[in-house]
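Here's the structure, in structure tokens; my notes come after.
The values are calculated or read from the model by the stated rules, or taken from the named source; none is laboratory data. Every value quoted in this text rests on a predicted model; they were computed, and no experiment measured them. Methodologically, a virtual Cβ is constructed for each residue, glycine included, from the backbone with ideal geometry; neighbour enumeration extends over all protein chains shown.
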Amino acid sequence: MHQFISVFDMLKIGVGPSSSHTLGPWRAAQNWIQKLKNENLFVEVNSIKVDLYGSLSLTGKGHATDLAVALGLSGTDPEFIPIDDIEGIIELIKKNNKLQFDATQSLDFSMSSIVFNREFLPFHANGLTFRGFDKNNKEISTETYYSIGGGFVIQEGNQNKNSKETQKTFPYPINKAVDLDRYCKEKQKSISEIVFENETVLNSPDEIYDKLDNIWNTMLECMYIGCHTEGILPGGLNVKRRAFSTHEKLIKDTTYSGIEEWISGIRGTEVKFREILKWVSCLALAVNEVNASLGRVVTAPTNGSAGVIPAVLMYYMVIENHNATIEHVRKFLLTAGEIGSLFKKNATISAAMGGCQAEIGVSSAMAAAALTELLGGTPSQCLEASEIAMEHHLGLTCDPIGGLVQIPCIERNAMGAIKAINAAELALERNPEDAVVPLDKVIETMWETAKDMNRNYKETSEGGLAITVGLADC
């Protein structure tokens, strides 16, 4: 059966630091509220308890999972909430032990009502259960949700249900990379053109353009903010922001006002090999420093890997093609989103299930394919670039120190971006018919690697750098 995953499912706008540990739980809280309303139970709720399980518990503090749950229960939306409002909402809850449930009714609630349980639920490593009680302390609602990566959330009992999107008829049903390649060859179309036609089943062309442009504008703003903000990242590791000082050295005495003039300014800077490496790394670092500070980013495909795609796309815009337009951006995002969906359908984009190969590896594969298309590559070369990028991320573990998306996560975005560019260049220099490993096989291999990987290396902070480098070392 064909499973359709939209580009806009893969590229979501939300708040950091984690799509699975922050955005997902936030959305789960919103979903629970809607279910309560549908069942006419919302007004009966007098108190709430939330249980976090598995990876959500083990690294939840570092990923602000408890804050995300509280914000979701407060009726805010991660795509639209003013970032400056977040701290105030949480402080009021802590100060008054009150929650404005869906911004409509005041409940007794403390942050200790969100309980961290180390045990894992059977279906997925990221589980959470909401319990609602009436004024007699009778439990009137119990619902369990799973945050399965990239901000995707499913309710227990609905794991195998088909979405409305799956029931629609798409011109090009795609489950595997080989399907995508076949359609491109049969129709003599690029990957982005095939993807665009599928997306028109759900949205008008103008709506698709508006959504893609909004995604890019969010990425641009994120890079700009990150490059112009200095200081120490929150969380206790005392990690100093690096994008600011790197940006200062690269931009030199260029003057600009606003993002558009900034882009023009970057285009006028020195572009030797070392400077290119520094620019790409700087932009990736900038995004993930914003992400680590509970800033607004685009999951690509996750928050922890949010810096790779914007950095590679910006590389094309300011280094490779000074005449690049919004049309190039749209093609890049459409292609990248489709590649990400192949990993989502056939493996995972959750570090709690697959380690960092499922985040940085997938983002690098997405960016490599998209860049290859803009550089004039064939669809087969795009898929080859994606395979190369993932092949050299296989087995990458997720071992955040202190459960924070900072070390080694931020630097890994810079490395993933550089690998994506290299993968694109390697693919462009080879006839894809000479490739030994097709993309579908590397996706299958990634999933088998994920299943074999020790649980300690899958976003638990119980292995790798999270253990060898303790908080006392930071």
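Please tell me if residue 376 is out of contact with any Gly (no Cβ under 6 Å at 6 or more places or on another chain), assigned to a loop (DSSP other than H, G, I, E, B) and under 19 Å from residue 314 (Cα atoms).
yes
Pull up region 411-442, narrow it to residues that are over 26 Å from the mean Cα position of the chain (by Cα) and among the charged types (D, E, K, R), then point me to the one that is nearest to residue 380 (Cα to Cα).
Result: 433.
Residues checked against (1) assigned by TED's automatic domain parsing to the domain that holds residue 114; (2) surrounded by fewer than 19 Cβ atoms within 10 Å (Cβ to Cβ):
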position: 4; (1), (2): no, no
position: 26; (1), (2): yes, no
position: 59; (1), (2): yes, no
position: 77; (1), (2): yes, yes
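Please work out which one of (1) assigned to a loop (DSSP other than H, G, I, E, B); (2) loosely packed, with under 13 Cβ neighbours inside 10 Å; (3) touching a residue at least 40 places away in the same chain (Cβ under 8 Å) is the condition residue 436 fails and give its number.
Of the numbered conditions (1) assigned to a loop (DSSP other than H, G, I, E, B); (2) loosely packed, with under 13 Cβ neighbours inside 10 Å; (3) touching a residue at least 40 places away in the same chain (Cβ under 8 Å), the odd one out for residue 436 is (3).
So how many residues does region 68-91 have that are free of Cβ contacts under 8 Å to residues at least 40 places away in the same chain and assigned to a helix (DSSP H, G or I)?
7
Six or more apart or on different chains, Cβ under 8 Å: which pairs go from a residue in region 451-464 that's more than 11 Å from residue 396 (Cβ to Cβ) to one that's part of a loop (DSSP other than H, G, I, E, B) and aromatic (Phe, Trp, Tyr)? Could you list them?
If the second residue must be part of a loop (DSSP other than H, G, I, E, B) and aromatic (Phe, Trp, Tyr), no pairs are left.
Quick one: in region 458-474, which of the residues that are in a helix (DSSP H, G or I) and not hydroxyl-bearing (Ser, Thr, Tyr) is modelled with the lowest pLDDT?
From region 458-474, those in a helix (DSSP H, G or I) are 465-468, 471-473; that's our starting set.
Next, from what is left, pick out any that are not hydroxyl-bearing (Ser, Thr, Tyr): 465-467, 471-473.
Working: 465: 93, 466: 91, 467: 92, 471: 56, 472: 51, 473: 57.
Filtering region 458-474 for residues that are in a helix (DSSP H, G or I) and not hydroxyl-bearing (Ser, Thr, Tyr), the one modelled with the lowest pLDDT comes out as 472.
Being out of contact with any Cys (no Cβ under 6 Å at 6 or more places or on another chain), at pLDDT 95 or above and not assigned by TED's automatic domain parsing to the domain that holds residue 303 is the requirement here; does residue 143 meet it? Break it down into steps so the answer makes sense when it comes.
Numbers: out of contact with any Cys (no Cβ under 6 Å at 6 or more places or on another chain): yes; at pLDDT 95 or above: yes; not assigned by TED's automatic domain parsing to the domain that holds residue 303: yes.
Yes: the conditions hold for residue 143.
Out of curiosity, is residue 89 outside the structural domain of residue 354 (by TED's automatic domain parsing), among the β-branched types (Val, Ile, Thr) and either crowded, with 21+ Cβ neighbours inside 10 Å or touching an Asp or Glu at 6+ places or on another chain (Cβ under 9 Å) (or both)?
no
Anything in region 28-49 that is under 20 Å from residue 152 (Cα atoms) and either surrounded by 24 or more Cβ atoms within 10 Å (Cβ to Cβ) or basic (Lys, Arg) (or both)? List them, or say none.
28, 29, 32, 35
Filter region 172-212 for residues that are of a type in the set (D, E, K, R), in a helix (DSSP H, G or I) and either within 21 Å of residue 386 (Cα to Cα) or without any contact (Cβ under 8 Å) to a residue 24 or more places away in the chain (or both) and give the result.
179, 181, 182, 185, 186, 187, 193, 206, 207, 210
Which helices (runs of 4 or more DSSP H) does region 254-339 wholly contain that include 2 or more residues that are surrounded by 19 or more Cβ atoms within 10 Å (Cβ to Cβ), in contact with a Gly (Cβ under 8 Å, 6 or more places away or on another chain) and modelled with pLDDT of 95 or more?
Passing ranges, in order: 273-292.
Residue by residue through region 100-144, note down the ones that are surrounded by 13 or more Cβ atoms within 10 Å (Cβ to Cβ), touching a residue at least 24 places away in the same chain (Cβ under 8 Å) and hydroxyl-bearing (Ser, Thr, Tyr).
Within region 100-144, 113, 129, 141 qualify.
Which of the numbered conditions does residue 341 fail, given that it passes all the others? Conditions: (1) of a type in the set (Ser, Thr, Tyr); (2) closer than 14 Å to residue 10 by Cα; (3) touching a Leu at 6+ places or on another chain (Cβ under 7 Å).
Residue 341 satisfies every listed condition except (3).
With 320, 289 as the choices, which residue is among the acidic types (Asp, Glu) and under 15 Å from the mean Cα position of the chain (by Cα)?
Going through 320, 289 in turn, the sole match is 289.
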